[in-house]
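*Asks:* Questions regarding the structure given below will be posed in turn.
The values are calculated or read from the model by the stated rules, or taken from the named source; none is laboratory data. None of the values given here were measured: they were computed from a predicted structure. Heads up, the Cβs are rebuilt from the backbone with ideal geometry, glycines too, and the neighbour counts pull from every protein chain shown. Ligands, DNA and RNA are excluded from the accessible area calculation, which covers all protein heavy atoms including side chains. Shrake-Rupley method; radii C 1.70, N 1.55, O 1.52, S 1.80 Å.
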Amino acid sequence: MEESSMTQTTSKIKKIGVFTSGGDAPGMNAAIRAVTRAAIANELEVVGIRYGYQGMINGDIIPLHSADVSGILQQGGTILKTARSQEFRTPEGRKTAYDNLKAHEVDALVVIGGDGSFTGASIFSKEYDIPIVGIPGTIDNDMYGTDYTIGYDTAVNTVINAVDKIKDTASSHGRIFFVEVMGREAGLLALSSGIACGAEVIIIPEDASGAEDLKNFLTKGYQKKKTSGIIIVAEGDKAGGAIKLAEKVTKEHPDLDVRFSILGHMQRGGTPSAKDRIAATQMGVAAVEALLDDQKSVMIGFQNDKIVHVPFNKTVKAHRPIDENLVKIQRILNIW
Ligand code: F6P
């Protein structure tokens, strides 16, 4: 007997809306494609909501067919565009959004985004009877309840590629470079990419040892054991970022040749890595299955490589902690 790819369901859902919200991340398109195709495979209609919650308020809603998501798997950014909507924070904005969804006969939603997007979804689903499932998409990898968020792996690789280039010039000139990495209040992207590019020091908000490591590197490491140095600084670190740190070190050590580089939004772009494409595809299919299984207000996540469903109210309350073992490893490898 031929096996069906459809989920056996008694769900009343007929049409789902998919949208991306907050900062874009490589792999979001792969998730849109997976949601659309998995929904169609289950005989559901699909619409795309452009510009996130703002598009919901503005009625910027378009039909999505299988062909509409063809050829997007490998593209960075999001074909549905994205936004951070202030209007959706108001009850009036959410009412207009709901009315528009009803006018388009949308029964359920899949939101692809970070914690701000899930906070919005959580409030919306409490006020209005509409099932919502979230797919974590952010280069910050800071969502509580999932080991992985779409875009992280690509962003780590983007940082590594950039730092490898900076290393060439740092080494040629014998300079110390402070390289600022994104992540908002979280240091996960800085920590992973710092380990992967062999940074001499990593400064992140979650662990104070970076300041001591920097002091040791400047006094015992540089010019004694190393002729150049890469200091990765998470943008959310309390020391104030790469520029401030570079200025401080230059003032305290005028003999040193110090430069800084802020990698910025290049970290959000680019073609998604294999890991991001696969994770996005798995999560997209799981999101549709969760809706058909009558789940609501949950984020799809990965824990120990298995798909899990985490309630929004859990995931928006905390951030994912850093891996303390990585901090330990970094310190073992950089003793001066
Ligand atoms: O959350 C993703 C992220 O890229 C953060 O790392 C960064 O702090 C923020 O978004 C930047 O936001 P914007 O694109 O609005 O400047």
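*Asks:* Of the conditions (1) within 16 Å of the ligand (Cβ to nearest atom); (2) open to solvent by less than 10 Å² (accessible area, probe 1.4 Å), residue 279 clears all except one; give me its number.
*Replies:* The single condition residue 279 does not satisfy is (1).
*Asks:* Say we look at region 56-102 and pick out the residues that are farther than 22 Å from residue 116 by Cβ and in contact with a strand residue (DSSP E or B) (Cβ under 8 Å, 6 or more places away or on another chain); which of these is most open to solvent (accessible area, probe 1.4 Å)?
*Replies:* Among residues in region 56-102 that are farther than 22 Å from residue 116 by Cβ and in contact with a strand residue (DSSP E or B) (Cβ under 8 Å, 6 or more places away or on another chain), the one most open to solvent (accessible area, probe 1.4 Å) is 65.
*Asks:* For region 134-147, indicate whether the set of residues that are out of contact with any Asp or Glu (no Cβ under 7 Å at 6 or more places or on another chain), on the phi < 0 side of the Ramachandran plot and more than 16 Å from the ligand (Cβ to nearest atom) is non-empty.
*Replies:* yes
*Asks:* Just need a number here: residues in region 325-336 that are without any contact (Cβ under 8 Å) to a residue 24 or more places away in the chain and touching an Asp or Glu at 6+ places or on another chain (Cβ under 8 Å).
*Replies:* Of the residues in region 325-336, 0 are without any contact (Cβ under 8 Å) to a residue 24 or more places away in the chain and touching an Asp or Glu at 6+ places or on another chain (Cβ under 8 Å).
*Asks:* Within region 141-178, restricting attention to residues that are closer than 17 Å to residue 222 by Cα and not in a helix (DSSP H, G or I), which residue is most open to solvent (accessible area, probe 1.4 Å)?
*Replies:* 175
*Asks:* I'm trying to understand the selection: among the residues of region 282-300, which are on the phi > 0 side of the Ramachandran plot and open to solvent by 40 Å² or more (accessible area, probe 1.4 Å)? Full working, then the answer.
*Replies:* Looking only at region 282-300, we keep the residues that are on the phi > 0 side of the Ramachandran plot, and these are 294, 297.
Listed by number, the list holds a single entry, 294.
*Asks:* Next question, about the same structure. So if I check each of 251, 244, 314, which one is closer than 20 Å to residue 124 by Cβ, more than 16 Å from the ligand (Cβ to nearest atom) and open to solvent by 80 Å² or more (accessible area, probe 1.4 Å)? Outline the logic, then answer.
*Replies:* Values: 251 fails: closer than 20 Å to residue 124 by Cβ; 244 fails: closer than 20 Å to residue 124 by Cβ.
So the residue among 251, 244, 314 that is closer than 20 Å to residue 124 by Cβ, more than 16 Å from the ligand (Cβ to nearest atom) and open to solvent by 80 Å² or more (accessible area, probe 1.4 Å) is 314.
Matching residues to (1) touching a residue at least 60 places away in the same chain (Cβ under 8 Å); (2) closer than 30 Å to residue 112 by Cα; (3) not hydrophobic (A, V, I, L, M, F, W, C):
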{"position": "232", "(1), (2), (3)": "yes, yes, no"}
{"position": "236", "(1), (2), (3)": "no, yes, yes"}
{"position": "244", "(1), (2), (3)": "no, no, yes"}
{"position": "248", "(1), (2), (3)": "no, no, yes"}
{"position": "267", "(1), (2), (3)": "yes, yes, yes"}
{"position": "270", "(1), (2), (3)": "yes, yes, yes"}
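*Asks:* Where residues in region 113-133 are assigned to a strand (DSSP E or B) and within 18 Å of the chain's Cα centre (by Cα), which of them is nearest to residue 294 (Cα to Cα)? Even if it seems obvious, please write down each step before you answer.
*Replies:* First pass over region 113-133, keeping only residues assigned to a strand (DSSP E or B): 113, 132-133.
Filter once more, keeping what is within 18 Å of the chain's Cα centre (by Cα): 113, 133.
On the way: 113: 21, 133: 10 Å.
By that ranking, first place goes to 133.
*Asks:* Mind checking which residues of region 179-204 are within 13 Å of the ligand (Cβ to nearest atom), surrounded by 20 or more Cβ atoms within 10 Å (Cβ to Cβ) and part of a loop (DSSP other than H, G, I, E, B)?
*Replies:* 182, 183, 186, 187 - these are the residues of region 179-204 that are within 13 Å of the ligand (Cβ to nearest atom), surrounded by 20 or more Cβ atoms within 10 Å (Cβ to Cβ) and part of a loop (DSSP other than H, G, I, E, B).
*Asks:* Within region 206-224, can one find any residue that is within 14 Å of residue 324 (Cα to Cα), buried (at least 19 other Cβ atoms within 10 Å of the Cβ), within 16 Å of the ligand (Cβ to nearest atom) and in contact (Cβ under 8 Å) with a residue 24 or more places away in the chain?
*Replies:* Yes, because at least one residue in region 206-224 is within 14 Å of residue 324 (Cα to Cα), buried (at least 19 other Cβ atoms within 10 Å of the Cβ), within 16 Å of the ligand (Cβ to nearest atom) and in contact (Cβ under 8 Å) with a residue 24 or more places away in the chain.
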